[in-house]
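Here is the structure we will look at, set down as structure tokens.
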Amino acid sequence: MNGNEITPGQAMQDVFEEFRIDGAVNKVVFRDFNLWYGENHVLKDISVEIKSNIITSIMGPSGCGKSTFLRAIDRMNDIIPECRTSGQVFIDEDNVYAEDVDVYELRKRVGMVFQKPNPFPQSVYDNVAYGVRIHGMANGRELDEAVERSLRMAALWDEVSDRLDESALTLSGGQQQRLCIARALAVEPEILLMDEPCSALDPIATAKIETLMRSLQEKYTVVLVTHNLQQAARVSDMTAFMYIGEVVEFGRTKDLFENPEKELTENYITGKFG
Amino acid sequence: MKRGDIASKILFLCASFSTLIVFLIIIFLLREGISALNWNFLMGMVWSPHKNLYGIFPTLLGTLVVVAGAIIIATAIGVPCAVFLAEFSPFWLRNMIKSTVEVLVGVPSVVIGFFGLIVIIPFIRNNLGGRGESILAGWIVLAIMSLPHIISLSEDAIRAVPTSYRQASLALGATKWQTVRRAVLPSASSGMRAAIVLGVGRAVGETMAVLMVVGNPETPWIPTGVLDRVRVLTSTIAIEFSYAEWGSPHQYALFAIGVVLFFIVVALNLVATFVIRRRNWNG
């Protein structure tokens, strides 16, 4: 077929892609990680390596533990009283679950964007400044700059620069979600976790966020949970497929979608369940 | 006519009945009280039925002082209590405190007044001097009475703040306390203001308990200290109505006090509704 002919240019691009992904260093490493909510064994013997400066997506059917996986990285599961863990999660060399870890510093290193846009009912400016103020990172002129920088990175500055004092709730859903991204970026994290960030958005807003994710990977390690297969295929470099608390398959997105190794993965991708 | 029509008509009658009652009360109050309601009445310094002088200014001021102090005390205790219950207390402790607080709502005001009479007044008399019957005693009693309303309404307002705000804040590396102070409380503030306004409404209208502890001097004066005795609007009606001659200016003046009270409470309710509306409008 004509469409599948490989031109030399494309071949070069593929090689570059391969280098970019293979050459990336490990940023987040799960080692024999288990997590329980009470009696419920939610994450089972997870051992994966998430690379820096690429986009890794986690997909799987509802209830497979993909959100829990994401929250295990910044220990947001700690909020749930009955949560227990075993094993380790490393960010660079630091075990996130070590006794002496300061969770507040950890969560500053790891930004998080939620399924439903959740800006505070405060002004656009105050939303972005929130984390910066909490951590005492800047004030006055520096704070203004931090806010502008974050909004620019989130591709929102041009739309809100003249309405920084307005309530964030007057923004559209897609703008609110980009505001939440700006808010997360403002505390200068290294990793950005996104938990189905587009599931509440229309296709145009979704496209904007996907473009944004692509631009963010240069500075950040992006981990994206999605139930949308096309989205995982479109934006991510590596993909993990999870099923009932286990990582069934993890590899380059292209390989995983074109030649899944496991039958379960293939069944999921081809829509036999999910 | 279908059978369903009859049912809905009966329901409609019951619904109109309560509205009708409110209107009847308003009409009655205004008809009886409006003739005595004028500038001299509101701003007059002397209330002395024997001399046919009906100025409620000292009484009005006494009411405002007693209510304001009580609300400040109740807010200072009630809001932190609500924050603790909603955000920090373990489940069993919250249930325990909440059910105790709800019992306090059900205690008849005369019983609280009795408590004030037997415990608070002697305490003030023995430790701070004066007769014990005082503005301070009124503050304490009224604070006790509005406390449960402020606590439970504020707690509702705090718990109504979406979990997603808390999550957003924690995920940014905020501590629990920072999250409560900077994300939760600002979002709950309109609800908490409404709670306080409703508490004020309750305190303004309260009669029995206050009457028992504030002293009610026969000729009210402008209070000069917290140990002074005062008169409040409600207790004036309650005390004097029994001996006000039927159809006399004295009786009309008491009705006029009722009108003033009514308008204060309506105004407070309007403020509360406005505050609550604004919260909804903000999303």
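The values are calculated or read from the model by the stated rules, or taken from the named source; none is laboratory data. These numbers come from a predicted model, not from an experiment. Quick reminder, even Gly has a Cβ in these numbers, built from the backbone with ideal geometry, and neighbours come from all protein chains shown.
I'd like to know if region B:239-250 contains one or more residues that are outside any loop (DSSP other than H, G, I, E, B), surrounded by fewer than 22 Cβ atoms within 10 Å (Cβ to Cβ) and either touching a Cys at 6+ places or on another chain (Cβ under 6 Å) or without any contact (Cβ under 8 Å) to a residue 60 or more places away in the chain (or both). Write out each step before concluding.
At the first step, the residues of region B:239-250 found to be outside any loop (DSSP other than H, G, I, E, B) are B:239-240, B:249-250.
Those still in the list that are surrounded by fewer than 22 Cβ atoms within 10 Å (Cβ to Cβ) too: B:239-240, B:249-250.
Checking which are either touching a Cys at 6+ places or on another chain (Cβ under 6 Å) or without any contact (Cβ under 8 Å) to a residue 60 or more places away in the chain (or both) leaves us with B:239.
Within region B:239-250 (the criterion being outside any loop (DSSP other than H, G, I, E, B), surrounded by fewer than 22 Cβ atoms within 10 Å (Cβ to Cβ) and either touching a Cys at 6+ places or on another chain (Cβ under 6 Å) or without any contact (Cβ under 8 Å) to a residue 60 or more places away in the chain (or both)), the answer is yes, since at least one residue qualifies.
Kindly indicate which of A:75, A:71 is at positive phi, in contact with a helix residue (DSSP H, G or I) (Cβ under 6 Å, 6 or more places away or on another chain) and buried (at least 17 other Cβ atoms within 10 Å of the Cβ).
Working: A:71 fails: at positive phi.
When all the criteria are applied, what remains is A:75.
Inside region A:84-115, can you point out the residues that are more than 23 Å from residue A:137 (Cα to Cα) and within 14 Å of chain B (Cβ to nearest Cβ)?
A:114, A:115
Restricting to region B:187-224, count the residues that are in contact (Cβ under 8 Å) with a residue 40 or more places away in the chain, more than 30 Å from residue B:161 (Cβ to Cβ) and either of a type in the set (Val, Ile, Thr) or not assigned by TED's automatic domain parsing to the domain that holds residue B:117 (or both).
6
Scanning for something away from chain B (no Cβ under 14 Å), surrounded by 23 or more Cβ atoms within 10 Å (Cβ to Cβ) and free of Cβ contacts under 8 Å to residues at least 60 places away in the same chain, does region A:125-146 turn up at least one residue?
Checked against the condition, which is being away from chain B (no Cβ under 14 Å), surrounded by 23 or more Cβ atoms within 10 Å (Cβ to Cβ) and free of Cβ contacts under 8 Å to residues at least 60 places away in the same chain, region A:125-146 yields no hits at all.
Within region A:172-206, can you find the residues that are in a helix (DSSP H, G or I) and under 28 Å from residue A:63 (Cβ atoms)?
Here is the first cut: in region A:172-206, the residues in a helix (DSSP H, G or I) are A:173-185, A:203-206.
Result: A:173, A:174, A:176, A:177, A:180, A:181, A:184, A:203, A:205, A:206.
Which of the residues that make up region B:223-234 are in a loop (DSSP other than H, G, I, E, B), among the aliphatic types (A, V, I, L, M) and under 20 Å from residue B:129 (Cβ atoms)? Step through it out loud before you land on a result.
So in region B:223-234, the residues in a loop (DSSP other than H, G, I, E, B) come out as B:223-229, B:231-232.
Restricting the remaining residues to those that are among the aliphatic types (A, V, I, L, M) gives B:226-227, B:232.
Answer for region B:223-234, where residues must be in a loop (DSSP other than H, G, I, E, B), among the aliphatic types (A, V, I, L, M) and under 20 Å from residue B:129 (Cβ atoms): B:226, B:227.
I'm trying to understand the selection: among the residues of region A:117-146, which are more than 25 Å from residue B:176 (Cβ to Cβ) and not small (Gly, Ala, Ser)?
Looking only at region A:117-146, we keep the residues that are more than 25 Å from residue B:176 (Cβ to Cβ), and these are A:124, A:140-142, A:144-145.
Within region A:117-146, A:124, A:141, A:142, A:144, A:145 qualify.
Checking the conditions here, which among B:215, B:201 is over 22 Å from residue B:99 (Cα atoms), small (Gly, Ala, Ser) and in contact with a strand residue (DSSP E or B) (Cβ under 7 Å, 6 or more places away or on another chain)? Don't jump to the end; show me each part of the working.
Numbers: B:201 fails: in contact with a strand residue (DSSP E or B) (Cβ under 7 Å, 6 or more places away or on another chain).
Among B:215, B:201, only B:215 is over 22 Å from residue B:99 (Cα atoms), small (Gly, Ala, Ser) and in contact with a strand residue (DSSP E or B) (Cβ under 7 Å, 6 or more places away or on another chain).
Which condition number in (1) polar (S, T, N, Q); (2) closer than 27 Å to residue A:109 by Cβ; (3) without any contact (Cβ under 8 Å) to a residue 60 or more places away in the chain is the one that residue A:259 fails?
The one condition residue A:259 does not meet is (2).
Being more than 7 Å from chain A (Cβ to nearest Cβ) and assigned to a helix (DSSP H, G or I) is the filter here; which residues of region B:158-168 pass it?
B:158, B:159, B:163, B:166 - these are the residues of region B:158-168 that are more than 7 Å from chain A (Cβ to nearest Cβ) and assigned to a helix (DSSP H, G or I).
Quick one: is residue A:156 under 27 Å from residue A:71 (Cβ atoms) and away from chain B (no Cβ under 11 Å)? Write out each step before concluding.
Values: under 27 Å from residue A:71 (Cβ atoms): yes; away from chain B (no Cβ under 11 Å): yes.
The answer is yes for residue A:156.
Tell me, yes or no, whether region A:81-93 has at least one residue that is within 12 Å of the chain's Cα centre (by Cα), under 23 Å from residue B:168 (Cβ atoms) and modelled with pLDDT under 95.
Going residue by residue through region A:81-93, those that are within 12 Å of the chain's Cα centre (by Cα) are none.
No, region A:81-93 has no match at all.
Given the criteria farther than 25 Å from residue B:200 by Cα and buried (at least 19 other Cβ atoms within 10 Å of the Cβ), does residue B:15 qualify? Outline the logic, then answer.
On the way: farther than 25 Å from residue B:200 by Cα: yes; buried (at least 19 other Cβ atoms within 10 Å of the Cβ): no.
Judged against the criteria, residue B:15 is not a match.
Away from chain A (no Cβ under 14 Å), among the basic types (Lys, Arg), in contact (Cβ under 8 Å) with a residue 40 or more places away in the chain and assigned to a helix (DSSP H, G or I) - does that describe any residue in region B:170-180?
In the first step, residues of region B:170-180 are kept if they are away from chain A (no Cβ under 14 Å); the result is none.
No; the residues of region B:170-180 include none that is away from chain A (no Cβ under 14 Å), among the basic types (Lys, Arg), in contact (Cβ under 8 Å) with a residue 40 or more places away in the chain and assigned to a helix (DSSP H, G or I).
Yes/no per residue for (1) surrounded by 15 or more Cβ atoms within 10 Å (Cβ to Cβ); (2) at pLDDT 90 or above; (3) under 25 Å from the mean Cα position of the chain (by Cα); (4) among the hydrophobic types (A, V, I, L, M, F, W, C):
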{"residue": "B:39", "(1), (2), (3), (4)": "no, no, no, yes"}
{"residue": "B:72", "(1), (2), (3), (4)": "no, yes, yes, yes"}
{"residue": "B:78", "(1), (2), (3), (4)": "yes, yes, yes, no"}
{"residue": "B:86", "(1), (2), (3), (4)": "yes, yes, yes, yes"}
